[in-house]
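Trainee: The following block contains the structure, expressed as structure tokens.
The values are calculated or read from the model by the stated rules, or taken from the named source; none is laboratory data. All figures in this text were calculated on a predicted structure; none of them were measured in a lab. Positions of Cβ are backbone-derived with ideal geometry, glycine not excepted, and every protein chain shown enters the neighbour counts.
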Amino acid sequence: MTALVEVRDLKMHFPIHTGLLRRQTGAVKAVDGISFDIREGETLGLVGESGCGKSTAGRAILRLYDITEGEIVIDGREIGSVTQASLRKVRPTMQMVFQDPQASLNPRMTVASIISEPLDEHTSMSRAEKRERVYDLMDKVGLNRRFANRYPHEFSGGQRQRIGIARALALNPKFIVCDEPIAALDVSIQAQVVNLLEELQDELGLTYLFISHDLSMVRHIADRVAVMYLGKVVELASRDDLYARPQHPYTEALLSAVPEPDPAQAERQGSRIVLQGDVPSPANPPEGCNFCTRCPKVMDVCRRVDPAFREVAPEQWVACHLHDPEHAPAGAP
Ligand SMILES: Nc1ncnc2c1ncn2[C@@H]1O[C@H](COP(=O)(O)OP(=O)(O)O)[C@@H](O)[C@H]1O
Ligand SMILES: [Mg+2]
């Protein structure tokens with residue numbers, strides 16, 4: 001399968017300015033060198049605790065930021081280093097669905113004008129054509145056309161997220177970053193929105209980066225999963241391999257906290273791994289491996305050398321010295 005999105009050594013550092021002269025005295029290394037491909041038509045899950053850099057990664061890949069370093073190729077075009085002005089042509093290809101539909105929709109605009117805004121900006125459609133397109137999009141996401149002239153506050157959270165999805169679809173994108181799209185919704189309607197996203201993916205051949213801190217949700221929706229910790233991807237594997245055979249101690253710890261519905265699997269999973277200490281600040285990450293301060297399997301080398309991201313099994317990538325032939329203890333992991 002070919003990659004629609006290629007991310008290489010992507011870094012997004014936010015400068016920290018202090019003092020009277022507001023000199024730059026440091027940087028928040030929110031995303032600190034991540035690499036992966038997203039294949040055409042797949043869903044890549046991006047998981048990790050709050051603050052580990054998932055949203056920043058998603059926004060950086062869509063070039064909502066001027067990135068610090070790295071390459072981003074989307075649909076054959078390098079967009080990492082191009083100017084915001086020249087991104088205009090590529091913008092329709094890539095869209096974002098946000099966590100909080102309340103905050104991401106303009107309260108003073110009607111549903112129709114919210115959904116057609118991208119059409120105003122990027123197409124020369126007539127008013128009638130735009131109206132047809134808006135109705136068509138409302139049908140696609142399960143919103144009644146009769147509500148086209150209502151305002152966001154007149155809808156429930158789930159319906160508002162459908163408005164956000166319709167807007168994201170307006171320009172026929174190929175790639176959508178879904179940033180915790182259901183985290184702000186009632187549990188009872190989360191499944192409906194996830195099902196809608198899955199149906200739209202099948203129907204329109206969409207490729208998703210699906211960001212979530214909810215590992216059960218990601219297990220349901222993702223084909224492959226990338227696990228982030230403190231600005232880095234520590235493990236990347238197919239969904240089945242990752243959940244059945246996690247290779248990184250951080251992935252093991254995250255998964256041990258997820259309730260396992262299958263009793264046989266629960267037996268194998270063993271007891272819950274409780275991580276000690278807090279996540280270090282991304283403004284001051286530790287020497288060596290970013291996870292060394294909390295890792296239950298930490299070795300000397302981990303405090304000195306940043307482990308390489310390597311393929312330890314077919315299609316399973318891990319950044320951990322336990323899998324490094326040079327440093328792994330006998331019989332590890
Ligand atoms: N615009 C910004 N300026 C400075 N720091 C930021 C900015 N955006 C995010 N951060 C910091 O980057 C880190 C990662 O944040 P974020 O990407 O939102 O994590 P996640 O989505 O995984 O919860 C956090 O420490 C956050 O405070
Ligand atoms: Mg986030």
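Trainee: I'd like to check something: does the range 53-67 contain any residue that is under 16 Å from Leu230 (Cα atoms) and either away from ligand 2 (no atom under 16 Å from the Cβ) or surrounded by fewer than 18 Cβ atoms within 10 Å (Cβ to Cβ) (or both)?
Mentor: no
Trainee: Return the only residue of Gly45, Gly33 being touching a strand residue (DSSP E or B) at 6+ places or on another chain (Cβ under 7 Å), closer than 19 Å to Val227 by Cα and either at pLDDT below 95 or surrounded by fewer than 23 Cβ atoms within 10 Å (Cβ to Cβ) (or both).
Mentor: Numbers: Gly45 fails: either at pLDDT below 95 or surrounded by fewer than 23 Cβ atoms within 10 Å (Cβ to Cβ) (or both).
Exactly one of Gly45, Gly33 is touching a strand residue (DSSP E or B) at 6+ places or on another chain (Cβ under 7 Å), closer than 19 Å to Val227 by Cα and either at pLDDT below 95 or surrounded by fewer than 23 Cβ atoms within 10 Å (Cβ to Cβ) (or both), namely Gly33.
Trainee: Report every pair of residues separated by at least 6 positions or lying on different chains whose Cβ atoms are under 8 Å apart, first residue within the range 111-125 and among the hydrophobic types (A, V, I, L, M, F, W, C), second surrounded by fewer than 14 Cβ atoms within 10 Å (Cβ to Cβ).
Mentor: Short answer, once both residue conditions are applied: Val111/Asn149; Ala112/Asn149; Ile114/Asn106.
Trainee: Same structure again: When both residues are 6+ apart or on different chains and their Cβ atoms are under 7 Å apart, which pairs have a first residue that lies in the range 25-46 and is in contact (Cβ under 8 Å) with a residue 24 or more places away in the chain, and a second that is among the basic types (Lys, Arg) and within 13 Å of ligand 1 (Cβ to nearest atom)?
Mentor: Here the result reads Val31/Lys11; Asp32/Lys11; Asp32/Lys232; Gly33/Lys11; Gly33/Lys232; Ile34/Lys232; Leu46/Lys54, each pair linking the range 25-46 to a residue that is among the basic types (Lys, Arg) and within 13 Å of ligand 1 (Cβ to nearest atom).
Trainee: Just for helices (runs of 4 or more DSSP H) wholly inside the range 1-116: which have at least 1 residues that are of a type in the set (Asp, Glu)?
Mentor: On the way: elements: 54-61, 84-87, 101-104.
In the range 1-116, no matching helices (runs of 4 or more DSSP H) lie anywhere.
Trainee: What number of residues within the range 88-108 satisfy the criterion of being within 18 Å of Val5 (Cα to Cα) and loosely packed, with under 15 Cβ neighbours inside 10 Å?
Mentor: Here the count works out to 2.
Trainee: For the range 295-318: of the residues being within 19 Å of Tyr243 (Cβ to Cβ) and touching a residue at least 12 places away in the same chain (Cβ under 8 Å), which is surrounded by the fewest Cβ atoms within 10 Å (Cβ to Cβ)?
Mentor: Among residues in the range 295-318 that are within 19 Å of Tyr243 (Cβ to Cβ) and touching a residue at least 12 places away in the same chain (Cβ under 8 Å), the one surrounded by the fewest Cβ atoms within 10 Å (Cβ to Cβ) is Glu315.
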